[in-house]
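Engineer: Take a look at the following structure, please.
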Amino acid sequence: MPILSLQNVSKSFGALKVTDDVSFDVPQGQALGIIGPNGAGKSTLFNLITGNIAADRGTVIFDGQDVTRVSPMQRCLAGVGRSFQIPQPFSNLTVFENLVVAAAHGQARREKDVADMCATILERTELIDRANDPAGGLSLLQRKRLELARAMATRPKLLLLDEIAGGLTEGECQALIRTIRAIHAEGTTIIWIEHVLHALNSVVERLLVLDFGRVIGLGEPAAIMASREVREIYLGIDI
C-alpha cells in the first residue's frame, strides 16, 4: 500500500487552474523528486498534500486514510512533515530551542519529553555543535539544516522538502545531499521539489514533472530527463 496517493486532485484560484487532475502514488520508503518550470504548481501540490490548501476535487490518501478534508495539524500529527523554501526559524531562540518547539507542537507532546529526540536529530543534521547558538546567526547552509531538522522533529512518515538546496554553493549542496541521503537510507519516504537537478537525481528513485498543474511525466529519472516533452517544456530546448 502506498504511503501517499493522490487521485484526480484539482485546484483552481478563480479562472486559473493550478492543479489539473493530478494522480500519483508514492510507495513507502521511496524518494520522489518533483520538477517543473516556475508556476507549474509544485508548491500548490505540497500545500494540497499538507492540507494548507483544500482541493476542489479529488482525493488525498495518506497512510491508508482519506485526509482530503483533514486539517494541516491533524496531517502533521499523522506523519506529514515539511520544510519550507525560505527558512524562517525563531531567530532569538537557540537552535535546540527551535527544534524543541517544532517537536512539541508537531507531536503534541511536552517539551521535556522531546529533548532527547531533538538532540539526536541535531546529531543527524550536523547541528549539534550549534545547539546553543541563536538561530539568527546561522549561515545559509545551517539554516537549511535547521529547516530539515525541524521537519524531522515531527517524526514524519512522509518528509516534504521544498527547494532545500537552493542558494547553496556546490560544496554546501553536496554536504546537504549526504545528510538527506542518510535520512532516506533509514527508510524515510521523501518528496522533494528542487531546481538543482543533480542534487535531486543523486537521491530520488523517481521523477514527477509538472507543467501548468498537469503531470507530464513520471518515472525513472534518466528516462524522464531524456523525454522530448520534458526537455522542451522544462529545459527550454527546442527539439
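Engineer: Per q in 0.16, 0.18 1/Å, what log10 I(q)/I(0) does a Debye calculation on the alpha-carbon atoms of the chain return?
Structural biologist: So the normalised log intensities are -1.16, -1.40.
Engineer: Quick check on the exposure proxy: order Ile224, Ile177 from fewest to most C-beta atoms within 10 angstrom.
Structural biologist: With the fewest neighbours first, Ile224, Ile177 line up as Ile177, Ile224.
Engineer: Per-residue counts of other Cβ atoms within 10 Å, averaged by peptide: what ranking do you get for 104-111, 29-36, highest first?
Structural biologist: 29-36, 104-111
Engineer: Would you work out the relative contact order for the range 86-155, in percent, from Cα pairs under 8 angstrom that are 6 or more residues apart?
Structural biologist: Reported as a whole number, the value is 50 percent.
Engineer: Express the C-alpha Rg of the range 86-155 as a ratio against the empirical globular expectation 2.2 N^0.38 Å, rounded to two decimals.
Structural biologist: 0.95
Engineer: Could you name the lysines in cross-link range of Lys11, using Cα to Cα under 30 Å and dropping any fewer than eight places away on the same chain?
Structural biologist: Lys42, Lys144, Lys157
Engineer: List the GluC sites (Glu not before Pro) in the range 157-188 that DSSP assigns to loop (not H, G, I, E or B) and whose Cβ has at most 13 other Cβ atoms within 10 Å. Which are they?
Structural biologist: Numbers: sites: Glu163, Glu170, Glu172, Glu186; in loops: Glu163, Glu186.
Passing both the DSSP loop test and the Cβ count: Glu186.
Engineer: Which of Thr188, Thr120, Thr44 moves the most in a Gaussian network model of the chain with Cα springs under 10 Å?
Structural biologist: Answer for the Gaussian network model of the chain: Thr120.
Engineer: Related question: When DSSP beta bridges are limited to those with both residues in the chain, what percentage is antiparallel, rounded to the nearest 5? If you can, show how the numbers build up before the last one.
Structural biologist: Numbers: 20 of 36 bridges.
Restricted to the chain, the bridges split so that about 55 percent are antiparallel.
Engineer: Once each part is reduced to its C-alpha centroid, what is the distance from the range 33-49 to the range 145-189 in angstrom?
Structural biologist: 18
Every read-out reported here was derived from the displayed coordinates using simple, explicitly stated rules and does not represent laboratory data. Every value quoted in this text rests on a predicted model; they were computed, and no experiment measured them. Because the Cβ atoms are built from the backbone with ideal geometry, glycine has one as well, and the counts that use them run over all protein chains shown.
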